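Report on the structure given below.
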Amino acid sequence: MEEMTTWSREAILEVYNRPLINLMYEAATVHRQHHAADEVQVSTLLSIKTGGCPEDCGYCPQAARYHTGVEGEDLLTVNHVKAQALRAKSTGSSRLCMGAAWRNVKDDADFDHVLEMVRAVNETGLEVCATLGMLTERQAQRLADAGLYAYNHNLDSSEEYYKEIISTRGYEDRLKTIENVRTAGVSVCSGGIIGMGESHEDRCGMLAVYADMETPPESIPINALVAVEGTPLEDQEPISIWEMVRMIATTRIVLPKSVIRLSAGRTNMSDEGQALCFMAGAGSIFAGDKLLTTPNPDVNKDMQLFDVLGITPMKPYSKGEKPEVNERYKDNADAEKRIKWSRPEHKIVRNEDKSMKGKSVS
Ligand code: SF4
């Protein structure tokens, strides 16, 4: 079957609304045309700088303005990160994704430190991924030179619903960062979260944006919201496994070449539910007992499920070349003086209310 290059939101919605039993079958068929269905890529997500983020993402326990009990921590050391990478490799991961709770990357000593982490993890033979917030083209290039393989930057939802979740930056900033990553030759990982109160149309709207890209993301994480106490979305009801399977199957059909990552929310899924997600086209999971700050299944349990299903973990660099380290990543001479990212004007009352909680007005 030829890959479609243009998808309207309506056409995606038509796929999304097909009878689930047929949708799953179609998605499983497409999956087998483009991927080895008995291989799943395993990534470990490591928080290298936790909490204290200035943004107001309504789902995130790391936003400093909410009262979630997540303590701000300093950047990890390079040695610590390398040890975690080797541990992840020994338990079947092919990729280490390093996450920092930043609004955007700054050309400072912390970024230099992260570049050394990238180089150290590259040396372990794992694929190196990072998620550090908004990024200029030059910063993306320095990461690539340090040996970065992939960069994660999620669109989260449709452009319309994004405004209901985040007020401190705009959708166009997300798109610009993704473009910068692409220009630097780094593999793009970008996806969304379902269960935030968005409509089915919003879910399909996000997929339409990805499908419209000249080169869609190589990796698309689909997260189920983990409603954390203290965040504006704390009262959101969990989505059913059927919605997750439907979203994965639709993503599979619309973006047949991308690897779909079954990401946050797996602790609420049964083995059978996860198996349906793999059937419908999920080709990757995050391993490790924590996803940044929220719980995740134990890696041994994941491997037991793989055994039952006859799935093997994918080897590093199965889908792309290992980047060569180029020493010019150390050159900070041309750092941009001032990077302008947008600050939208709109307010999200729910987010503002949560940020005021616990602050006494006398
Ligand atoms: S999702 Fe990222 S940018 Fe948003 S508050 Fe959390 S750490 Fe900050």
Any chance residue 231 is in contact with a Phe, Trp or Tyr (Cβ under 8 Å, 6 or more places away or on another chain), in a loop (DSSP other than H, G, I, E, B) and among the polar types (S, T, N, Q): yes
Hits in the stretch 314-328 (condition: in contact with a helix residue (DSSP H, G or I) (Cβ under 7 Å, 6 or more places away or on another chain) and farther than 20 Å from residue 118 by Cβ): none
Enumeration of residues in the stretch 3-35 that are closer than 16 Å to residue 252 by Cβ and modelled with pLDDT under 95: 3, 4, 7
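A quick yes/no check of all residues on (1) free of Cβ contacts under 8 Å to residues at least 24 places away in the same chain; (2) in a loop (DSSP other than H, G, I, E, B); (3) more than 9 Å from the ligand (Cβ to nearest atom); (4) on the phi > 0 side of the Ramachandran plot:
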| residue | (1), (2), (3), (4) |
| --- | --- |
| 43 | no, no, yes, no |
| 48 | no, no, yes, no |
| 59 | no, yes, no, no |
| 75 | no, yes, yes, no |
Residue that is surrounded by 18 or more Cβ atoms within 10 Å (Cβ to Cβ) and within 16 Å of the ligand (Cβ to nearest atom), where the choices are 232, 217, 316: 232
Yes/no for residue 261 being in a helix (DSSP H, G or I) and out of contact with any Asp or Glu (no Cβ under 8 Å at 6 or more places or on another chain): no
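Look through 249, 211 and report the one residue that is among the aliphatic types (A, V, I, L, M), outside any loop (DSSP other than H, G, I, E, B) and more than 24 Å from residue 38 (Cβ to Cβ).
On the way: 249 fails: more than 24 Å from residue 38 (Cβ to Cβ).
Testing whether each residue is among the aliphatic types (A, V, I, L, M), outside any loop (DSSP other than H, G, I, E, B) and more than 24 Å from residue 38 (Cβ to Cβ) leaves just 211.
Can you tell me which residue within the stretch 312-341, out of those that are hydrophobic (A, V, I, L, M, F, W, C) and within 22 Å of residue 136 (Cβ to Cβ), is modelled with the lowest pLDDT? So that I can check it myself, show each step before the final result.
First, pick out the residues of the stretch 312-341 that are hydrophobic (A, V, I, L, M, F, W, C): 314, 325, 333, 335, 339, 341.
From the residues that got through so far, the ones that are within 22 Å of residue 136 (Cβ to Cβ) too are 325, 333, 335, 339, 341.
On the way: 325: 92, 333: 73, 335: 64, 339: 70, 341: 83.
Taking the candidates together, the pick is 335.
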Residue check for residue 135: in contact with a strand residue (DSSP E or B) (Cβ under 6 Å, 6 or more places away or on another chain) and crowded, with 21+ Cβ neighbours inside 10 Å: no
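Here is a yes/no grid of residues against (1) at pLDDT 95 or above; (2) within 16 Å of the ligand (Cβ to nearest atom); (3) in contact with a helix residue (DSSP H, G or I) (Cβ under 7 Å, 6 or more places away or on another chain):
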| residue | (1), (2), (3) |
| --- | --- |
| 149 | yes, no, no |
| 170 | no, yes, no |
| 173 | no, yes, no |
| 178 | yes, yes, no |
| 187 | yes, no, no |
| 192 | yes, yes, yes |
Test: residue 107 is more than 16 Å from the ligand (Cβ to nearest atom) and charged (D, E, K, R): yes
Which numbered condition residue 82 fails, given (1) under 27 Å from residue 173 (Cα atoms); (2) away from the ligand (no atom under 16 Å from the Cβ); (3) basic (Lys, Arg): (1)
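Any idea which residue in the stretch 150-174 is surrounded by the most Cβ atoms within 10 Å (Cβ to Cβ), counting only those that are in a helix (DSSP H, G or I) and touching a residue at least 60 places away in the same chain (Cβ under 8 Å)? Step through it out loud before you land on a result.
Keep residues of the stretch 150-174 that are in a helix (DSSP H, G or I), which gives 159-162, 171-174.
Subset that is touching a residue at least 60 places away in the same chain (Cβ under 8 Å): 172-173.
On the way: 172: 12, 173: 21.
Ranking the candidates gives 173 first.
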Any chance residue 88 is among the small types (Gly, Ala, Ser), more than 14 Å from the ligand (Cβ to nearest atom) and touching a strand residue (DSSP E or B) at 6+ places or on another chain (Cβ under 8 Å): yes
Residue under evaluation residue 73, criteria (1) surrounded by fewer than 20 Cβ atoms within 10 Å (Cβ to Cβ); (2) at pLDDT 95 or above, criterion not met: (2)
Flag for residue 97 being assigned to a loop (DSSP other than H, G, I, E, B), surrounded by 18 or more Cβ atoms within 10 Å (Cβ to Cβ), within 16 Å of the ligand (Cβ to nearest atom) and of a type in the set (A, V, I, L, M, F, W, C): no
Of all residues making up the stretch 61-71, the number that are within 11 Å of the ligand (Cβ to nearest atom) and either on the phi > 0 side of the Ramachandran plot or among the small types (Gly, Ala, Ser) (or both): 2
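The values are calculated or read from the model by the stated rules, or taken from the named source; none is laboratory data. None of the values given here were measured: they were computed from a predicted structure. Positions of Cβ are backbone-derived with ideal geometry, glycine not excepted, and every protein chain shown enters the neighbour counts.
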